[in-house]
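Engineer: Quick one: structure below, then a few questions.
The values are calculated or read from the model by the stated rules, or taken from the named source; none is laboratory data. Please read all numbers here as calculations on a predicted model, not as lab measurements. Cβ atoms come from the backbone with ideal geometry, glycine included; neighbour counts cover every protein chain shown. The area values use the complete protein model at the heavy-atom level, side chains included, leaving out ligands, DNA and RNA. Shrake-Rupley method; radii C 1.70, N 1.55, O 1.52, S 1.80 Å.
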Amino acid sequence: MSTQTSSADPAPTLAEIRVPRETVNDDTVTIQDWHVSHGDQVKARQLLVSIETSKAVLEVEADAGGFVQILHGKGAEVPIGELIGRVLATAPAAVAGASTEPPRSPGGTQPGNGVNGSRGAASTPVRSSNRLRDRQQGTVGAGSGSVAPSDPRADARGSVEASADGPGTHVLPDRPAASLAISKKAQALIDEHRLDAQTIFAGHGLVREVDVIRHLESRIADHQREHPAPPSPATIARSAPIEPRAAASTVNSAYPTKSRGLFGDAASSAKDRGNRSVLWLAWNYFWRNWLLGNLARWAPRGVILPIHRMRGVKMGRDVFIDPTAIIETAFPENITIGNDVRITAGCVIMSHIKAPHYLRESGLVPVVLKPVILEDHCFIGVNSVVMPGVTIGKASVVTSGSVVVTNVPPYTMVQGNPAKVIKQFPKPA
Amino acid sequence: MGHSVLSVFSPVNDPRTLLPDPLSNFPAELKTALTIRMVEQRLLKLFSEGKLFGTVHTCIGQEFVGVSVSRCLNDRDTIFSNHRGHGHFLSYRRDILALIGEIMGKSCGVCGGRGGSQHTQIDGFYSNGIQGGIAPVAAGQAFAHKLKGSTGGGGGIAVVYIGDGTLGQGALYESLNIASKWDLPVLFVNENNLFAQSTSQTQTLAGDINARAEAFGIKAWHSDTWDWPKLLDNMRACIDEIRRTGRPAWHRVDTFRLMAHSKGDDNRPQEYVQPFFDRDPVNVLMKRYEADPRWKAMETEIAAEIEAAVAAADAAPWGDVRMDEHKPGSAHEYHWQHRTFEKEKGVAAVRKGLEHGLECHPNLVLIGEDIESPYGGAFKATMGLSTRWPERVRNTPISEHAISGIGNGLALCGMIPVVEIMFGDFMTLCADQWINHAAKFRFMFNDKVRVPLIIRTPMGGKRGYAATHSQSIEKHFVGLPDTQVLCLNHRYSPTLLYKDLFASIDRPTLVIENKILYGQNVNPDPPPGFDLIFTNERFPTARLKPDTNEHGAGAGTDITIVALGGVAVDAEEAVIRLFNDEDLVCDLFMPTRLYPFDIGVLEPSLRQSRRLLIVEEGQGFVSMSSEIIAQACERLGHLGLSARRVTATPNPIPAARPLEQLCLPGANHIVTKALEVMREHANVQR
């Protein structure tokens, strides 16, 4: 609505100009024409404005003499009862654009030109203040702007064909220009990050919260491309597996049962130990697993990550590991964690399986030693277990209490024991 | 029986005062009468033999009525007969095989076994087993004859046979009134056989029969079948007068049905029926010509024809019930496209469509209450049309049953009637014509006729017109095979819809306009972020398609919304609010065709969203929304759809605005239900 309200105008209102209800059909009407200009002096009962309804053209006259203030201009569409102007005691303040032809409201329709009789602005005294002029002739008379094809019959035949494929239709895709709508949640994010939505999302239709988030993500990605950070260990792990020795897959047990040494079953066989010496094992147990492992569980949050790094866990940036999480008890160097990974309370990430003597030696449950890779943006819910050899793909979620035994593809949510895919996230392009 | 038998016989019409030798004076008439009698008797025998499925209404005793009428008719005239129409049929077209085959249900029957005893059709002959409803249809045929006559086609007349039982039907009097007022060349033949099924006229009929017609200013004639030569003369005089004056006429013919109404349901005592047997004209003739070789030869010839027909019908195969549309492989492939049309008020667009129809189709007729200018209809949709086409735009009395029936009659005679029913609530008064006539003719007359009837009516509330002028009762009129029900919405131009409808009309069509739409703009411009597209159907589904920037599958649309008719405006408001406030993306479908409805148009969207919300302004119980959900479940149930409906609350519509807003679906209701369906489906695996 184009409202030129001069709220500061002190002139007292002598009469209000409102849209009268004349028909049951319309909730809104169109202002066809103002016969006076903003600021004109008018007499009582002078014709002021023509209003087009679905039924007729209403003509509204001044209830009192004075100066006209126009609030809704020609072509505006206004609801019944709306105040469209006033008659003031003194001349209203001139408003830009409201002098003679106030700007049309954006939703306004073009009034039919055949209907509008050119009534002069001269004061014509009439009995009632609202007069109804029948539009009958204007509606169906010749040249009323209605359907009048040159060959009516041909038009009737062509009508159906046209609906399938002809003039008046054009093929998709063809998006109307300059149509962008932003939801409130998206707008909040846009405001928060001071984004230029019209430029960023030009060519989009609806902009949702998720669209803004994706934009922010891609901005971070661009930033990282321009300022490369040390590569994520997960990426390295993917391209070249950690160490052939450590990545030794299944170690079969064929060693004698009696040789139980100083370190009990830990010193069982060279193969079981990943071909490491017994001394290394002792060091390993004492330093990396017993001391540092327990320290990590009791350490303040700030030192958990350095401790795990000291233990040999390969880790990217922005990682969170809860103190109660267990990151491999014996072979921490087999664990690779990417950037922005969150491992929550009670999680157990294991890279080896070592069953009791009987099962191992009978070959029922061989010893397993496989690397575990948690790629960037993974989320491991509380009390989840990740078993040896598993790779959890980028931006995947392991929900609480799950036991992951197989690889998890990127952008997936898994749940249960054994963990199964329950949801696929949309992947960014 | 409180009836005096002798009161119907006067010395003048005593059958003993016959002409010297009627057989030589009226050979054709007597042959037809005898044929009817012998065919009816053979049909009764076939029934006893178990060869007829259903029942058989014989006209034994009434043969001369049909004989007297048909001998005066020509090719342009039309006849509408009733449930007791074998005699009328044979006197119009002496095709014994067509009739017997039809009653035996075989493909050699005149309607391929679809119509049976009560529903036959051949050329200008039609019959339907609905009492009263056929009277306005015949009046409509007479109107068509008159219009064609006025444009140089040469006018025929219409005849309708009614019994004395039909005198109890209101539609008859609506038709008499209009026929008289509009000077329609229609003959009402009242076969007064004293009984309606088993009930004597003395129990049901008040006042005088002919006075009824005379009260409407229609000339009433009176004859009887016992003095059949006089009946033949009277009928010819009567029909000649109709042709000469173009005015309707009423002809009461006293007669008597000697056999049961149907089969085995005659409880009239023998001593009451016997005098009629003795005086029955065919019986009298048979007795008189017992020894006449000419009569004997005629009887033998007819009997041979009948036996040949029975044998042929017995050997003939059964017919088929499939219609063209039932053929497999007609599943529609939906393509989406943009359409361009002018933004204008709904009522103006409707008016333009009608104006276009009158301009381009010379056989298009508009009838309805108060539609003539200067009033131009209660909602001004026909403003100005009657000044330009006074012949074809007519005000009617307040007779919804009759005007919809007249529409049916016009449609049968090749016109395109557009009947305006002022308020959709009054469609209940047209139900008989819509359900028992319009929807049935094409199928039961074996695909030989088309009924291009258009009924336009506004439905919907939000105008404060309260319980009887605000309803949306389209659910009572959808689902009849071979009809279509269209509805307008603010996203597709009524002008285009009516243009396409007029160009393609071949079946009864109900167009539901919405009172709210009249004052609203039909708007081709979508709101920001949405695209407005249409299917490539004749009556397209408009779709406000969200323009999302999605990459992965299954993340585009949250809810698929279907809005039927005028509530599309509220649904659109809700869609925009759901996006702005809740960050939800809805795909809004606004079909313009309610019946037949194909879920295929929603399928791609539903596969993505798996949430369906239907907005309907009428009552939800057994409605369009139930149908759409049923179809969706049948087609896509395996996806685990969740569905909700927004419909009117289960009570009549109140008058006060705040109360009405509580009852009818609005944007608030839609948003609430949409959030409900989102919550339900949040945890389902996607």
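Engineer: Assuming R0 = 30 Å, can you tell me the calculated FRET efficiency for the pair B:Lys181 and B:Ser24, based on Cβ-Cβ distance, to the nearest 0.05?
Structural biologist: Values: r = 45 Å, r/R0 = 1.50.
With R0 = 30 Å, the Cβ-Cβ based efficiency is 0.10.
Engineer: How high is the FRET efficiency from B:Glu305 to B:Arg236, r the C-beta distance, R0 25 Å, rounded to 0.05? Can you show the working numbers first?
Structural biologist: Working: r = 27 Å, r/R0 = 1.10.
Calculated transfer efficiency: 0.35.
Engineer: Here is a follow-up. Describe numerically, in nm with one decimal, the distance between label points set 7 Å from Cα along Cα→Cβ at A:Phe286 and at A:Lys420.
Structural biologist: 4.9 nm
Engineer: Modelling each spin label as a point 7 Å along the Cα-to-Cβ direction, I'd like the A:Gln41/B:Phe277 distance in nm, to one decimal.
Structural biologist: Placing both labels 7 Å beyond Cα along the Cβ direction yields 10.7 nm.
Engineer: For chain B, what is the mean residue ellipticity at 222 nm derived from helices alone (per DSSP H run of n ≥ 4: -39500 (n - 2.57); sum divided by total residues; nearest 500 deg cm²/dmol)?
Structural biologist: Numbers: 24 runs with 259 residues, N = 686.
Taking each H run of at least 4 residues, the total per residue is -11500 deg cm²/dmol.
Engineer: Another one. Sort A:Cys347, B:Cys633 by heavy-atom solvent-accessible area, probe 1.4 angstrom, most to least. Could you put the intermediate results ahead of the total?
Structural biologist: Working: A:Cys347 0, B:Cys633 75 Å².
In descending accessible area the options line up as B:Cys633, A:Cys347.
Engineer: Taking amide H atoms as placed 1.01 Å from N in the peptide plane, list the residues 5 or more away in sequence, or in a different chain, whose amide H sits under 5 Å from that of A:Arg317.
Structural biologist: Under 5 Å from the amide H of A:Arg317 lie the amide H atoms of A:Asn339, A:Asp340, each far enough along the sequence or on another chain.
Engineer: Now a separate question. Take peptides B:390-401, B:576-587, B:497-508 and line them up by average Cβ neighbours within 10 Å, highest first, as a rough protection proxy. Spell out each step's value before the answer.
Structural biologist: Numbers: B:390-401: 18.4, B:576-587: 20.4, B:497-508: 21.9.
Highest-to-lowest ranking by the protection proxy: B:497-508, B:576-587, B:390-401.
Engineer: Using 0.36 nm per residue, how much length does the chain from B:Lys45 to B:Ser626 gain when fully extended, once their Cα-Cα distance is taken away?
Structural biologist: Details: separation 581, 0.36 × 581 = 209.16 nm, distance 4.87 nm.
This chain segment gains 204.3 nm when fully extended.
Engineer: Now, a different point. Please calculate the 1.4 Å probe accessible area of B:Met422, with all protein chains present, and give it to the nearest 10 Å².
Structural biologist: 30 Å²
Engineer: Right, something else. Please compute the Cα-Cα pair-distance distribution of chain B with 10 Å bins starting at 0, giving whole percents from short to long.
Structural biologist: 3, 14, 22, 21, 16, 12, 8, 4, 1, 0
Engineer: Right, here's the next one. Return the average number of partner chain Cβ atoms within 10 angstrom of each residue Cβ along peptide A:179-185.
Structural biologist: 6
Engineer: Using a Förster distance of 45 Å, how high is the FRET efficiency between A:His357 and B:His638, based on the Cβ-Cβ distance and rounded to 0.05? Show your work: numbers first, answer last.
Structural biologist: Details: r = 51 Å, r/R0 = 1.14.
Computed FRET efficiency for A:His357 and B:His638 comes out at 0.30.
Engineer: Could you pull the accessible area for B:Met286 with a 1.4 Å probe, rounded to 10 Å²?
Structural biologist: B:Met286 exposes around 50 Å² with every protein chain in place.
Engineer: Oh, and also: Quick check: the angle from helix B:228-245's long axis to the longest principal axis of chain B, C-alpha only, nearest 10 degrees?
Structural biologist: 40 degrees
Engineer: When the solvent-accessible surface of protein heavy atoms is calculated with a 1.4 angstrom probe, in what order do A:Met315, A:Met413 fall, highest first? Before the final figure, lay out each step's value.
Structural biologist: On the way: A:Met315 20, A:Met413 45 Å².
So the residues, ranked largest to smallest area, are A:Met413, A:Met315.
Engineer: Right, next: How many Cβ atoms of partner chains, on average, are near each residue of B:497-509 if near means within 10 Å of its Cβ? All intermediate terms of the calculation are to be shown ahead of the outcome.
Structural biologist: Values: counts 1, 1, 8, 6, 2, 2, 10, 4, 0, 0, 0, 0, 0.
Neighbouring Cβ atoms belonging to other protein chains average 3 per residue here.
Engineer: Under 20 Å from the Cα of A:Lys74, which lysines turn up, not counting those fewer than eight places away in the same chain?
Structural biologist: Reachable lysines: A:Lys55, B:Lys343, B:Lys345.
Engineer: Something else: Can you pull the accessible area of A:Glu226 for me, 1.4 Å probe, Å² to the nearest 10?
Structural biologist: 130 Å²
Engineer: Using only the alpha-carbon atoms of the range B:403-476, report the extent along each of the three principal axes, biggest first, to the nearest angstrom.
Structural biologist: Extents along the principal axes, in whole Å: 45, 20, 14.
Engineer: Please report Rg (one decimal) and Dmax (integer) in Å for the Cα set of the range B:336-519.
Structural biologist: 15.4, 46
Engineer: Right, another one. Against the longest principal axis of chain B, how steep is helix B:293-315, in degrees 0 to 90 to the nearest 10, with axes from Cα atoms?
Structural biologist: Orientation of helix B:293-315: about 30 degrees from the principal axis.
Engineer: Moving on. Could you give the angle, 0 to 90 degrees to the nearest 10, between helix B:667-681's Cα long axis and the longest principal axis of the Cα atoms of chain B?
Structural biologist: Compared with the principal axis, the helix lies near 80 degrees.
Engineer: Then there's this: Return the average number of partner chain Cβ atoms within 10 angstrom of each residue Cβ along peptide B:387-399.
Structural biologist: On the way: counts 5, 3, 1, 0, 0, 0, 0, 0, 0, 0, 0, 0, 0.
Mean partner-chain Cβ count within 10 Å for B:387-399: 1.
Engineer: Cα to Cα, under 22 Å, and not fewer than 8 places away if on the same chain: which lysines meet these conditions relative to B:Lys51?
Structural biologist: The reachable lysines, counting only those whose Cα sits under 22 Å from B:Lys51, are B:Lys106, B:Lys263.
Engineer: Further question: What nm value, rounded to one decimal, do you get for the distance between B:Ala291 and B:Ser198 when each label is placed 7 Å out toward the C-beta?
Structural biologist: 4.4 nm
Engineer: Please give the residues of the range B:633-661, grouped as numeric ranges, whose backbone N is less than 11 Å from a label point set 7 Å along the Cα-to-Cβ vector of B:Ala467.
Structural biologist: Flagged as within label range: B:651-655.
Engineer: Sticking with this structure for a sec: Give the separation of the Cα centroids, the range B:41-66 to the range B:645-682, in Å.
Structural biologist: For the range B:41-66 versus the range B:645-682, the Cα centre distance is 57 Å.
Engineer: At a 1.4 Å probe radius, which order do B:Arg94, A:Arg21 fall into by accessible area, largest first?
Structural biologist: Numbers: B:Arg94 80, A:Arg21 130 Å².
Most to least solvent-accessible, the answer reads A:Arg21, B:Arg94.
Engineer: Also: Name the residues whose placed amide hydrogens come within less than 5 Å of the amide hydrogen of A:Val385, ignoring near sequence neighbours (fewer than 5 apart) on the same chain.
Structural biologist: Correct list: A:Val348, A:Ser402, A:Val403, A:Val404.
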